[in-house]
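Below you'll find the structure, written out as structure tokens, and then a few comments.
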């Protein structure tokens, strides 16, 4: 496989047609070797328009979804970023190149270890990888301009809202299969939240989150 041609085709045939036109996002995706973050048995799928299976029943987002998320978050060079769900570290690497620092939390130790190895290979050192349950870990006072939630919520929970700075942006996918809604939550004037619906997609649910109960009479 001609890796560079496959990468070019991914950007030109998948990502751009999905209305991702932000130059910085396109350049970061072009310069970050996605193939490094894909399991060896799925290398041929690294640039395909689909989710890639990982361990523990998890999946790597399709490239166009990753790109739309990065574009929606409008990451600035001075932004402090929180990522919920490190996975193998591809989005982590992209966020680290776009912003000033990334805190990324992962439930599975093997993913966190793999992500650290991948980031080390690229000499990306403005990332702090954390291990634990994102729903219960963040009880500190640090605020973030950007929060990327890379797993879905069956119903929207406000658990991460308190971690946003004023004018902070959070990407989250809400709903249940077969159709979920990607949303951008923006914090305005220190307390008001503005919700923008972005596109339909599907992601695995956030580990530890409870499905809403359906009550019947």
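Kindly indicate whether any position in the range 57-69 is in contact with a strand residue (DSSP E or B) (Cβ under 9 Å, 6 or more places away or on another chain), surrounded by fewer than 16 Cβ atoms within 10 Å (Cβ to Cβ) and either without any contact (Cβ under 8 Å) to a residue 60 or more places away in the chain or in a helix (DSSP H, G or I) (or both).
no
Return the total of residues in the range 187-197 being surrounded by fewer than 16 Cβ atoms within 10 Å (Cβ to Cβ) and either touching a residue at least 12 places away in the same chain (Cβ under 8 Å) or under 18 Å from the mean Cα position of the chain (by Cα) (or both). I'd like the intermediate steps shown before the answer.
Within the range 187-197, the subset surrounded by fewer than 16 Cβ atoms within 10 Å (Cβ to Cβ) is 188-197.
From what is left, the residues that are either touching a residue at least 12 places away in the same chain (Cβ under 8 Å) or under 18 Å from the mean Cα position of the chain (by Cα) (or both) are 188-190, 193, 195-197.
Number of matching residues: 7.
Please count how many residues of the range 92-110 are closer than 17 Å to residue 55 by Cα and either within 14 Å of the chain's Cα centre (by Cα) or free of Cβ contacts under 8 Å to residues at least 40 places away in the same chain (or both). Give the derivation first.
Of the residues in the range 92-110, the ones closer than 17 Å to residue 55 by Cα are 105-110.
From what is left, the residues that are either within 14 Å of the chain's Cα centre (by Cα) or free of Cβ contacts under 8 Å to residues at least 40 places away in the same chain (or both) are 105-106, 109.
Count: 3.
Against the condition surrounded by fewer than 23 Cβ atoms within 10 Å (Cβ to Cβ), at pLDDT 95 or above and within 25 Å of residue 161 (Cα to Cα), how does residue 35 come out, does it pass?
no
Do we have any residue at all in the range 169-178 that's out of contact with any strand residue (DSSP E or B) (no Cβ under 9 Å at 6 or more places or on another chain), touching a residue at least 12 places away in the same chain (Cβ under 8 Å), surrounded by fewer than 20 Cβ atoms within 10 Å (Cβ to Cβ) and under 19 Å from residue 107 (Cβ atoms)?
Scanning the range 169-178, I find no residue that is out of contact with any strand residue (DSSP E or B) (no Cβ under 9 Å at 6 or more places or on another chain), touching a residue at least 12 places away in the same chain (Cβ under 8 Å), surrounded by fewer than 20 Cβ atoms within 10 Å (Cβ to Cβ) and under 19 Å from residue 107 (Cβ atoms), so the answer is no.
Could you tell me how many of the residues in the range 23-54 are assigned to a helix (DSSP H, G or I), in contact (Cβ under 8 Å) with a residue 60 or more places away in the chain and within 18 Å of residue 122 (Cα to Cα)?
So the answer is 6.
Within the range 128-146, can one find any residue that is touching a helix residue (DSSP H, G or I) at 6+ places or on another chain (Cβ under 7 Å), under 21 Å from residue 203 (Cα atoms) and buried (at least 19 other Cβ atoms within 10 Å of the Cβ)?
Within the range 128-146, one or more residues are touching a helix residue (DSSP H, G or I) at 6+ places or on another chain (Cβ under 7 Å), under 21 Å from residue 203 (Cα atoms) and buried (at least 19 other Cβ atoms within 10 Å of the Cβ).
Is there a residue being farther than 22 Å from residue 24 by Cβ and within 12 Å of the chain's Cα centre (by Cα) anywhere in the range 38-59?
Yes: the range 38-59 contains one or more residues that are farther than 22 Å from residue 24 by Cβ and within 12 Å of the chain's Cα centre (by Cα).
Given (1) surrounded by fewer than 20 Cβ atoms within 10 Å (Cβ to Cβ); (2) within 27 Å of residue 200 (Cβ to Cβ); (3) modelled with pLDDT of 95 or more, where does residue 121 come up short, assuming only one miss?
(2)
Of all residues in the range 61-96, which are more than 29 Å from residue 166 (Cα to Cα) and out of contact with any helix residue (DSSP H, G or I) (no Cβ under 7 Å at 6 or more places or on another chain)?
Residue satisfying the conditions is 62 alone.
The values are calculated or read from the model by the stated rules, or taken from the named source; none is laboratory data. On a predicted model such as this, the values are computed, not experimentally measured, just so you know. Backbone-built Cβ (ideal geometry, glycine too); neighbour counts: all protein chains shown.
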